[in-house]
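Engineer: Can you read through this structure? Questions will come right after.
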Amino acid sequence: MIMEVLIASSTEEICELLEQDSSRQLLAGGTDFMVEVNYRHRSPSSVITIDQVPELQNWHHDGDSVVVGSCVTYREIERGPLATLVPALAQAARTVGSPQIRNAGTIGGNIGTASPAGDMIPVLSALGAVISLRSSEGKREVSLEDLIVGVKQTSLRRGEFIESVRVPVLDSPQEFLKVGSRSAMVISVTSLAFITYPKTRSVGIGLGAVNPIPTRAKEAEVFIADFLDWETMQVDPSGIDHFKDLVSAASSPIDDHRSVAAYRRKSIGILAQRALTRVFTEGVL
Amino acid sequence: MTTIESYKTKSGVGVSAQRPDAVPKATGKFSFSSDLSSHNMLWGQTLRSPLPSARIKSIDFSEALAISGVHAILTANDVPGKNLFGLEHPDQPVLADDLIRYAGEPIALVAAEHPEIAANAINAIHVTFEELTPLTDAESAITADPIHPEGNVIRHLKIDHGDPSVTGDLVIEGTYEVGMQDQAFMGTESGMAVPSPDGSVDLYISTQWLHSDQNQIIEALDLPEDMVRLTLAGVGGAFGGREDVSMHVHLCMLALHTGRPVKMIYDRNESFLGHVHRHPAKIWYRHHATEDGQIVKVEGKIILDGGAYASTTSAALANACCFSTGPYRVPNAQIEGWGVRTNNPPCGAMRGFGNVQTCFAIEAQMDKVAKALGIDPVELRLINALEQGDTIITGQKITGAAPVKEVISSLADHPMPGPAENNLLARPGGTGRTTDQKHIKRGVGFAVSIKNLMFAEGFDDSSEALCQVEDGNVAIHTACVEVGQGFITLIHQIAEEVLGTSDITIIPADTSIGSAGSTSASRQTWMSGGAVLKACEAVVVKLIEQIFEDEGVKYENFNGTLVSEDGTKTIPVSEALKGRSFHEKIVHRHAPTFPLNNKGQGDAHVSFAFAAHRAVVDVDQELGLVRIIEIATSQDVGRILNPLQAVGQIEGGITQGLGLAVLEELVMKNGVIQNANFTDYLLPTALDTPPIEIAALIEEPEPGAPFGAKGIGEPPTISSTPAVVAAIRDATGIDLRRVPVRPEDIALE
Ligand SMILES: Cc1cc2nc3c(=O)[nH]c(=O)nc-3n(C[C@H](O)[C@H](O)[C@H](O)COP(=O)(O)OP(=O)(O)OC[C@H]3O[C@@H](n4cnc5c(N)ncnc54)[C@H](O)[C@@H]3O)c2cc1C
């Protein structure tokens, strides 16, 4: 079998190469891609490497948001200025694989794989990320929920790729918590992102590894808003139990070799409670 | 005598001599079996069954054979000799011919110009199966329809010791389960077979026991012994998983068929399918104790799931049963064990061999007895600890060193660790940032173990060594396999001790010398170490004779220095060897052992080693997450030959033990492994491995053992597991009866 490898150096070039043949597959850090190739779950005949494309490797601070190129690595996200701007994304990035994986793996690849256990997913979901897609036909922007439509399924059109991800810069507490059986380098059993929005006095809760598609615990977000005091950053403890239950109820986990649904359902609620009480101290309002 | 002491050099026995392969391994220059290559080499691959139980209806490989670059496709019909192999006895097909008995069973072999071509050919072989219902429950296997002509019960063993009518003031019952652990060595199976024009073959392979491999290969190839030569290739870890034949016969068949060298490397997934695992176990115990804490009787039933083929199930079951009452004095015992066949993957040797499973259960029982009687768990163990002169439940008297009390007391006296660092990373959940200080409960657990050293039950266990001197240059040859345990260091140290020089050549381990036995059962220091010692000593005896003939002066050897009878003359052995040649080959045996009789009684074992572990854990009970803070240990070692290597064995063994306690399990579903990869077979990372504190290494020389040294490789793995689980029980109050302990086992209680 012969595999063609095309090294793209600009986004235009990616567009062109995909226009010529939309069956060509994109290779970013390769940390998901190559595992599939090695196990023969995937045998592409033509591959476009995109990790050397400068526009995709960069990120920039744009007013009250940051735009992160799809080929920005976990290493870049987990520390330095990006970690200050979007702390939950950095916290999640630090849980991904090993240093070697974080040096190679990218945020675009995590979205492209569209695994329910992808650690960027709950954070991007809770942040209300906007994903910029690009093809020779032009650009369009979608929400993560519109992009990831099933387990390892995206709504990317023929010849389309992920160019960047836009997330808000909030300058307020954010939390990412992940349960795995091992202390490091482990796929999420459950994970949760908790984002505070002081301006709208609301919170965003993204759930990881408990649903086939990106999911916010919307009812829990709305419910807990009434129990929060944004001046003193306190939460009324009387709301916590129900909040926890609402988060658990927003999950539809499965039994598999990593865990059981009952544990996932329970632990996602606990993660929500812990994130909440890390950010808001308990006190009767 | 004081002057003699000063001749002792710095690199003999007892010092931390550095491994000769340490730097090459650390810098990537060491050549592992996966690095083998040869001119004109082909690549082999194996087609394996996806189903755990099936009948092969047909195999069509015409399409595969037509692929350009494919040189051979072989099936059961092409096995030249007996299509059976097996470590204890041959019961496993080299290639499945009719029935598939486990998911992963080899069906066909391919040799091709390139691994990719071989993989394409594998995909182009079409096998039609008639799917059968797999037998996956070990307990029902005892009475179920046989899945193999030899039946489902590989071994049924009863130990009937003392008076069965005795009862205790306190009776404690418990049922326990052990999941399937894997050796998960770093270097996957790999090797190369090189054919010769005369129809013979040389196999370069990473293994644990060259001669056992050879015996099995010659039967399958129907060749005489001298036509199948094995040479050890660089081994990337073993832990029992390389004791069985894997690709050996396959490689030889492909090489002999194509007339070209053939190489194979299993990928990680295939490695998990291609070697035996630790036996999963179900164990029931009933302990009887007096009010003052003496164990007066133990009743037990032990079922080991051997998977589809026998491998070493029989010997593992013997270990499980013989040591089912732990390192304690138990005057009365009724133990019944079954090693059974199922359609699960074959299970066999892994570090701790049979003792790991029962130790987990017995130590849980000891804690329950202690709790029920209101006795401190350490105290209860001291009350019942075996001593030299005591009898174990097989009726065998312990004649060697048994410093069980010393091991326990020294560990109990060791200071406890302080609180964990105050940061998220140091808590349960690690990088996942799950756990705040307020969610943590600390627990402490203590466990003690016994391990028999070397082969048992009358096996004629031997090792051969050659000490060859040519014009003063010393070379030592054994077939002892270096799997990483450090025997090559020890050869230098022993040579230094006897010959006064560590400047020797080690001849690669191969089958041109007699068997060294397996690198397993904590036996090689005693067996091959003993053989090397005797071979070196034999050379010195000859040397002294020659000098006497030459000079008329009688010398005696003191640690590598010859001293004349009158004490006036000294000469280093290495000096005296110059210009001389010797060739001394000896076979070393340990004291004989005997089979167990129908009541499970007999002097079946050679020697025993003891260890104790104390684990301190922090548990986030709500989420069921565990962080091991420290494991401390004391171990009965006889004598330390290389402190650095001893610590290495202890740290590695404990890490494997804690892996079984909280992480490592091959998850089975209907006979199929669900996590045959390192994404989901979770080994401890550096963050999961706590500081390991050695409280004491008890040096009480073992009679009959070279230098008095006991094997030290296995004990660290055995009681570390129950110590960790006891600590989790202590922290949470949950009666955990299964390892590994999963988060849901704690959080959903
Ligand atoms: C040892 C190991 C540990 C891991 N641990 C974790 C973990 O803890 N958490 C976690 O979430 N993941 C983990 N992963 C998975 C993987 O590292 C991540 O999903 C990573 O983000 C993938 O990024 P990549 O750049 O390597 O993607 P690639 O492997 O290059 O690509 C992944 C998929 O996305 C597509 N793709 C890539 N870029 C684009 C784009 N710009 N537009 C459209 N499609 C695109 C590719 O075609 C491919 O289908 C682990 C992987 C390994 C091997």
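The values are calculated or read from the model by the stated rules, or taken from the named source; none is laboratory data. Remember, it's a predicted structure, so these values are computed and weren't measured experimentally. A quick note on method: Cβ atoms are made from the backbone with ideal geometry, for glycine too, and the neighbour counts reach across all protein chains shown. Only protein heavy atoms, including side chains, enter the accessible area calculation; ligands, DNA and RNA are left aside. Shrake-Rupley method; radii C 1.70, N 1.55, O 1.52, S 1.80 Å.
Engineer: Using a 1.4 angstrom probe on heavy atoms only, work out the carbon and sulfur share of the accessible area of segment A:1-151 in %. Please report the intermediate quantities before stating the final value.
Structural biologist: Working: 3190 of 6520 Å².
Here carbon and sulfur together make up 49 percent of the probe-accessible area.
Engineer: While we're on this one: Taking every pair of alpha-carbon atoms in chain A, what share in percent sits in each 10 Å bin, from 0 to the bin with the longest distance?
Structural biologist: With a bin width of 10 Å, the distribution comes to 7, 29, 34, 21, 8, 2, 0.
Engineer: While we're on this one: Given the Cα atoms of segment A:165-239, and with Rh set as the inverse mean 1/r over their pairs in the Kirkwood sense, what is Rg to Rh to two decimals?
Structural biologist: Here Rg/Rh amounts to 1.01.
Engineer: Taking the Cα-to-Cβ direction at residue B:177 and at residue A:45 and moving 7 Å from each Cα, how far apart do the two end points lie in nm?
Structural biologist: 4.9 nm
Engineer: Does segment B:605-660 come out rounded, prolate or oblate, given a ≥ b ≥ c as the square roots of the eigenvalues of its C-alpha gyration tensor, rounded meaning a/c under 1.5 and, failing that, prolate meaning a/b above b/c? The partial results should precede the final answer.
Structural biologist: Details: a/c = 3.00, a/b = 2.29, b/c = 1.31.
The shape class here is prolate.
Engineer: Here is a follow-up. Just to be sure I follow the definition: excluding the sites themselves, where is the longest run in chain A that has none of the GluC sites (Glu not before Pro) in a DSSP loop with at most 13 other Cβ atoms within 10 Å?
Structural biologist: A:1-136
Engineer: Turning to a different aspect of this structure: In segment A:250-285, whose amide N lies under 15 Å from the spot 7 Å out along Cα-to-Cβ of residue A:231? List them in ranges.
Structural biologist: A:284-285
Engineer: Counting only protein heavy atoms, what percent of the accessible surface of segment B:462-589 is carbon or sulfur at a 1.4 Å probe?
Structural biologist: Here it works out to 47 percent.
Engineer: Right, here's the next one. Sort chain B into rounded, prolate or oblate with this rule: let a ≥ b ≥ c be the square roots of the eigenvalues of the Cα gyration tensor; rounded if a/c is under 1.5, and if a/c is not under 1.5, prolate when a/b is larger than b/c, oblate otherwise.
Structural biologist: oblate
Engineer: Say R0 is 30 Å: what FRET efficiency, to the nearest 0.05, do residue B:97 and residue B:144 get from their beta-carbon distance?
Structural biologist: The computed FRET efficiency comes out at 0.85.
Engineer: Another question, if that's okay. Identify the GluC sites (Glu not before Pro) of segment B:552-643 meeting these criteria: DSSP loop state and at most 15 other C-beta atoms within 10 Å of the C-beta.
Structural biologist: Passing both the DSSP loop test and the Cβ count: B:565.
Engineer: Helix-only mean residue ellipticity at 222 nm, chain A, DSSP H runs n ≥ 4 weighted -39,500 (n - 2.57), per residue, nearest 500. What is it? Intermediate values should be presented prior to the final figure.
Structural biologist: Values: 13 runs with 100 residues, N = 285.
So the helix-based figure for chain A works out to -9000 deg cm²/dmol.
Engineer: By how many degrees, 0 to 90 and rounded to 10, does the Cα axis of helix A:240-249 deviate from the longest principal axis of chain A?
Structural biologist: For helix A:240-249, the angle is close to 30 degrees.
Engineer: Which whole-number value in Å² is the accessible area per residue of the protein assembly as shown, probe 1.4 Å?
Structural biologist: 37 Å²
Engineer: In nm, give the distance between the simple-model label positions of residue A:139 and residue A:172, each being 7 Å from the Cα along the Cα-to-Cβ direction.
Structural biologist: Those two pseudo-labels are separated by 2.8 nm.
Engineer: Between segment B:321-341 and segment B:538-565, how many Å separate their Cα centres?
Structural biologist: Taking the Cα centre of each part, segment B:321-341 and segment B:538-565 sit 51 Å apart.
Engineer: As a test of the definition: with a 1.4 Å probe, what buried accessible area, both sides summed, do you compute for B against A, in Å² to the nearest 100?
Structural biologist: When B and A are taken together, about 3000 Å² of accessible area is lost.
Engineer: Quick one: of B:301/B:405; B:368/B:397; B:301/B:441; B:451/B:542; B:578/B:710, which pairs are farther than 32 Å apart, Cα to Cα?
Structural biologist: From B:301/B:405; B:368/B:397; B:301/B:441; B:451/B:542; B:578/B:710, over 32 Å: B:301/B:441; B:451/B:542; B:578/B:710.
Engineer: Report, by chain and number, residues whose modeled amide H sits under 5 Å from the one on residue B:675, excluding near sequence neighbours (fewer than 5 apart, same chain).
Structural biologist: Residues meeting the criterion, in which the H sits 1.01 Å from N, are B:667.
Engineer: Taking K and R as +1 and D and E as -1, what net charge do the other residues with C-beta under 13 Å from the C-beta of residue B:226 add up to?
Structural biologist: Within the 13 Å Cβ shell, the charges total -3.
Engineer: What figure in square angstrom, to the nearest 10, would you give for the accessible area of residue B:30 with a 1.4 Å probe?
Structural biologist: 50 Å²
Engineer: Per DSSP H run of n ≥ 4, the term is -39500 (n - 2.57); total these for chain B, divide by its residue number, and report the mean residue ellipticity at 222 nm rounded to 500 deg cm²/dmol.
Structural biologist: -7500 deg cm²/dmol
Engineer: In addition: Select from segment A:140-229 those trypsin sites (Lys or Arg not before Pro) which occupy a DSSP coil region and have at most 16 other Cβ atoms within 10 Å, ordered by residue number.
Structural biologist: A:152, A:157, A:158, A:199, A:201
Engineer: Taking the alpha-carbon set of the protein assembly as shown, what are its Rg and Dmax in Å?
Structural biologist: When restricted to Cα atoms, the protein assembly as shown yields Rg and Dmax of 31.3, 105 Å.
Engineer: Continuing with the same structure: Of B:221, B:133, B:667, which is farthest along the charge dipole of the protein assembly as shown in the positive direction, counting Lys and Arg as +1 and Asp and Glu as -1 at C-beta?
Structural biologist: B:667
Engineer: Let me ask another. Above 18 angstrom, tally the Cα pairs of segment B:462-589 and express them as a % of all pairs, no decimals. Write down the numbers at each step before the final one.
Structural biologist: Numbers: 3986 of 8128 pairs.
For segment B:462-589, the share of Cα pairs beyond 18 Å comes to 49 percent.
Engineer: For segment B:286-401, just say rounded, prolate or oblate: build the C-alpha gyration tensor, square-root its eigenvalues into a ≥ b ≥ c, call rounded for a/c under 1.5, and beyond that prolate if a/b exceeds b/c, oblate if not. Show your work: numbers first, answer last.
Structural biologist: On the way: a/c = 2.42, a/b = 1.79, b/c = 1.35.
Prolate, because a/c is 1.5 or more and a/b exceeds b/c.
Engineer: Another question about this same structure. Taking the C-alpha atoms of segment B:557-672, how large are the radius of gyration and the largest Cα-Cα span, Dmax, in Å?
Structural biologist: 25.1, 77
Engineer: Using the Cβ atoms and a cut-off under 12 Å, what net charge is assigned to the surroundings of residue B:513, where Lys and Arg are +1 and Asp and Glu are -1?
Structural biologist: With Lys, Arg at +1 and Asp, Glu at -1, the neighbours total 0.
Engineer: Something else about it: Computing the accessible area with a 1.4 Å probe over protein heavy atoms, can you report the carbon and sulfur percentage for segment A:174-282?
Structural biologist: Accessible surface attributable to carbon and sulfur in segment A:174-282 totals 53 percent.
Engineer: Kirkwood Rh, segment B:145-222, all Cα pairs: how many Å? All intermediate terms of the calculation are to be shown ahead of the outcome.
Structural biologist: Details: mean 1/r = 0.0523 Å⁻¹.
For segment B:145-222, inverting the mean 1/r across all distinct Cα pairs yields 19.1 Å.
Engineer: Name the residues of segment A:144-191 whose accessible area falls by at least 50 Å² when all protein chains are present instead of the chain alone, probe 1.4 Å?
Structural biologist: Correct list: A:181, A:182, A:183.
Engineer: Restricting to Cα pairs below 8 Å that are 6+ residues apart, what does the relative contact order work out to for chain A? Please round to a whole percent. Kindly include the intermediate steps, with their values, before the conclusion.
Structural biologist: Numbers: 616 pairs, mean separation 43.1, N = 285.
Once normalised by length, the contact order is 15 percent.
Engineer: In square nanometres, what is the average projected area of the Cα convex hull of segment B:111-250?
Structural biologist: Averaged projected area of segment B:111-250's Cα convex hull equals 15.3 nm².
Engineer: Taking Cα atoms, how many degrees apart are the long axis of helix A:11-20 and the longest axis of chain A, rounded to 10 and kept between 0 and 90?
Structural biologist: Roughly 60 degrees between the two axes.
Engineer: Can you list the DSSP H helices in chain B whose Cα atoms extend at least 15 Å along the helix axis and whose mean Kyte-Doolittle hydropathy is 0.0 or higher?
Structural biologist: Flagged H segments are B:248-258, B:355-373, B:487-499, B:524-551, B:643-662, B:720-732.
Engineer: Counting Lys +1, Arg +1, Asp -1, Glu -1, what net charge surrounds residue B:56 among other residues with beta carbon under 13 Å of its beta carbon?
Structural biologist: Net charge around residue B:56: -2.
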